[in-house]
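These notes are about the structure you will find just below.
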Amino acid sequence: MSLTSLRAGFIPLIDCAPFAIAHEIGFAEEEGLALELSSAPSWSALRDQLALGHVDAAHMLAPVPVAVALGLGGMPARFDALSVMSINGNVIGVSKALGQRMAEAGHDFGFDNAEAAGRALLQAVQGRLRIGVPFPFSMHAELVYHWLGALGLPSPQGLDVRTVPPPQMAVALAKGEIDAFCVGEPWGSIAVEGGHGALLLPGSAIWAGAPEKVLAVRHDWAQEHQDLAKRLIRAIWRAQRWLGQAENLSTASEILARRAYLDMSADIIERALTGHLIVTPEGTRRAAPGFLRFYDGAAGFPWRSQALWIADRLAARTGLPRAQAAQAARAVFRSDLYREALTTTRADLPGASEKVEGANLAPRPVASQQGTLVLQPDAFFDGAIFDPASLK
Amino acid sequence: MSISVSTNLSIVVVEPDPDRARLIAEALAQAGGHDVHIIGSESGLSRAISTRDPDIVLVDVTNPSRDVLEELTLASSPLERPVAMFVDRSDDSLTRAAIEAGVSAYVVDGMRPDRIRPIIDAAIARFQMFQQMRTELEATKRALEERKIIDRAKGMIMKARNVEEEEAYALLRRTAMDQGKRVAEVAESLVSTAGLLA
């Protein structure tokens, strides 16, 4: 069988795993696709590569396609999120000096309580908190604004959120240019390995069900090549299912460790995949259940409510009219195409395409095509609820 | 916003390599008497650019710090001059040419395209040269690496089969021909799987 070539771009992070696995384990080939994977130097470069057609698909920060739909950043374009590539997977870290002050004030670095950690952080920080995130339109930025905003810090004014490329995060912390960061793995663990700081929280402690990366394509491409788009959705879904099985995670770490992907030790990669992190340079270990999810609870399903939550947050911060932002964002997450693509598989999909974000404190069975779907927790630490119906 | 045509433009080039930075500055100087400022350090980049308040920022598309510039495109106060990627208001062919040459440009909103064009053209020419040099350097590096791997594979075959160097190479070449692969690829798979037996 001759394969159809498909160019796909990614940023070397652990959550590019669905692309790497689809390619290396043969799930892309099963769908007649030959993925030509290329790593990009920055999120803005990857976004432009996708817009200009240098790649046809990209591993993308979930807020980017929504930001593009709202006309924020970059050139005019229209992207679709075909599926959610990963849920959660970020860490909050603090500098050595700040961590020390927090420890002296009695914080236990328990790695599970966003409220306690946030209060300890705000108490220990001297002056305005400078916190690094990888990109202005990212779940990292949204998590930080939500977390510290909920604890009473007026955001964005009360915070100095700075863009720092992930590989430079540890250095920026060491040089004292930032006090803290929110970054995707392995870059938090790299900062710990270098002795530059400690990990304070997993992103999942702030929001248990944050859509982190999406499978992004140009809207025109998805319309013109629906068959290819559906084959790609299936290949990524099968890769995510494979990644959802614990016994495969060592192999996944070895694959991601290769030069074509992260080019680093598999041990560091395995920490995030298994949710067992080393949070201090002294070697303190912490387990974070649901640290990074690829499959369970229909993790790949692109909920329209996820796009709406992101749009609502971006609109509030940039002063765009909320109703208009919701209108522009709703169709960006292609739950319609995702359903069509997976009808031929055994995937059990939810009956609805929107959910109330933040409502699940524990795993919850929901109406689904086969009646076996259990959604995973998606609660915010402060009990916040986002009902997409409120925007209509 | 009133834009005076007589004044020179203020251009910031983000480039950590001093030699490349000098070459870019020279090319831009030839495109007109502009005020060119080089920022070499990546730390505090956003602040350094805000302080200069330039009309145009040029940065290598492969530089990870490009994401920092995205921050500048989000004007948060009416006094700040919004910076947009120039493609917003320039013609599409120029955009493609620039990105393919590896240069990203951020331009202050409202800048007239005819003022930007000569600068971008000069930058494109310079970056194309860099890209060619980079491609050549990579090809040389790859050739060297392949040479090393072939030598290791030859050594392994000589030891395992107790043959001379020439025969070991002939065997590699024959296998490559049979499998429709390059000699370096066969050598690479031999070297990488041999680790399993060691």
Inset, instruction - State yes or no: is A:Glu185 out of contact with any Cys (no Cβ under 9 Å at 6 or more places or on another chain) and over 26 Å from A:Ala315 (Cβ atoms)? - result: yes
Legend entry - Residue list for the stretch A:13-65, filter: more than 27 Å from A:Met75 (Cβ to Cβ) and of a type in the set (Asp, Glu): A:Glu24, A:Glu29, A:Glu30, A:Glu31
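In this structure, does B:Asp114 turn out to be assigned by TED's automatic domain parsing to the domain that holds B:Ala21 and either touching a helix residue (DSSP H, G or I) at 6+ places or on another chain (Cβ under 6 Å) or exposed (fewer than 11 other Cβ atoms within 10 Å of the Cβ) (or both)?
Yes: the conditions hold for B:Asp114.
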Inset, instruction - Take the residues in the stretch B:61-94 that are more than 7 Å from every other protein chain (Cβ to nearest Cβ) and open to solvent by less than 10 Å² (accessible area, probe 1.4 Å), then tell me which one is modelled with the lowest pLDDT. - result: B:Phe86
Inset, instruction - Kindly indicate whether B:Met158 is at pLDDT below 90 and either open to solvent by 20 Å² or more (accessible area, probe 1.4 Å) or basic (Lys, Arg) (or both). - result: no
Legend entry - Selection count, the stretch A:48-67, where residues are open to solvent by less than 10 Å² (accessible area, probe 1.4 Å) and either under 24 Å from A:Ala252 (Cβ atoms) or within 14 Å of chain B (Cβ to nearest Cβ) (or both): 12
Inset, instruction - Within the stretch B:165-183, track down each residue that is part of a helix (DSSP H, G or I), in contact with a helix residue (DSSP H, G or I) (Cβ under 8 Å, 6 or more places away or on another chain) and more than 15 Å from B:Gly155 (Cβ to Cβ). - result: B:Arg173, B:Thr175, B:Ala176, B:Gln179
Inset, instruction - Show the residue pairs that are 6+ apart or on different chains and have beta-carbon atoms under 7 Å apart, the first residue being within the stretch A:105-128 and within 15 Å of A:Ala198 (Cβ to Cβ), the second being assigned to a loop (DSSP other than H, G, I, E, B) and open to solvent by 80 Å² or more (accessible area, probe 1.4 Å). - result: A:Ala120/A:Ala105; A:Ala124/A:Ala105
Legend entry - Looking only at the stretch A:133-186, and only at residues there that are among the hydrophobic types (A, V, I, L, M, F, W, C) and farther than 24 Å from A:Phe380 by Cβ, the one that is farthest from the chain's Cα centre (by Cα): A:Ala174
Inset, instruction - Could you tell me which of the residues A:Ala174, A:Ala180, A:Ala141 is within 14 Å of chain B (Cβ to nearest Cβ), among the aliphatic types (A, V, I, L, M) and open to solvent by less than 10 Å² (accessible area, probe 1.4 Å)? - result: A:Ala141
Inset, instruction - Answer yes or no as to whether A:Leu337 is within 19 Å of the chain's Cα centre (by Cα) and open to solvent by less than 20 Å² (accessible area, probe 1.4 Å). - result: no
Legend entry - Residue check, A:Arg238 under 20 Å from A:Thr345 (Cα atoms) and over 20 Å from the mean Cα position of the chain (by Cα): no
Inset, instruction - Return a yes/no flag: does the stretch A:156-167 have any residue that is in a helix (DSSP H, G or I) and under 19 Å from A:Ser138 (Cα atoms). - result: yes
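Restricting to the stretch B:165-198, and then to whatever is touching a residue at least 24 places away in the same chain (Cβ under 8 Å) and of a type in the set (Val, Ile, Thr), can you tell me which residue is surrounded by the most Cβ atoms within 10 Å (Cβ to Cβ)?
Ranking the qualifying residues of the stretch B:165-198, first place goes to B:Val186.
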Legend entry - Which numbered condition B:Tyr106 fails, given (1) farther than 18 Å from B:Ala29 by Cα; (2) open to solvent by 80 Å² or more (accessible area, probe 1.4 Å): (2)
Legend entry - Count - residues of the stretch A:14-41 that are open to solvent by less than 50 Å² (accessible area, probe 1.4 Å), out of contact with any helix residue (DSSP H, G or I) (no Cβ under 7 Å at 6 or more places or on another chain) and either part of a helix (DSSP H, G or I) or in contact (Cβ under 8 Å) with a residue 40 or more places away in the chain (or both): 3
Inset, instruction - Could you please find all residues in the stretch A:158-171 being out of contact with any Gly (no Cβ under 8 Å at 6 or more places or on another chain) and away from chain B (no Cβ under 11 Å)? - result: A:Gly158, A:Leu159
Inset, instruction - Scan the stretch B:23-66 for residues that are at positive phi and in contact (Cβ under 8 Å) with a residue 12 or more places away in the chain and report the count. - result: 2
Inset, instruction - State which residue pairs qualify: first residue within 14 Å of A:Gly53 (Cβ to Cβ) and inside the stretch B:88-102, second residue charged (D, E, K, R) and at pLDDT 70 or above in any location, beta carbons under 8 Å apart, and separation of 6 or more residues or different chains. - result: B:Ile99/A:Asp48
Inset, instruction - Output the residue which, of all residues in the stretch A:121-132 that are open to solvent by less than 20 Å² (accessible area, probe 1.4 Å) and either among the small types (Gly, Ala, Ser) or over 18 Å from A:Lys96 (Cα atoms) (or both), is nearest to the other protein chains (Cβ to nearest Cβ). - result: A:Gly132
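The values are calculated or read from the model by the stated rules, or taken from the named source; none is laboratory data. Predicted, not measured: the structure shown is a model, and the values here were computed from it. Every residue, glycine as well, gets a Cβ built from its backbone with ideal geometry; the counts of neighbours run over all protein chains shown. Please note that ligands, DNA and RNA were not included when accessible areas were found on the heavy atoms of the full protein model with its side chains. Shrake-Rupley method; radii C 1.70, N 1.55, O 1.52, S 1.80 Å.
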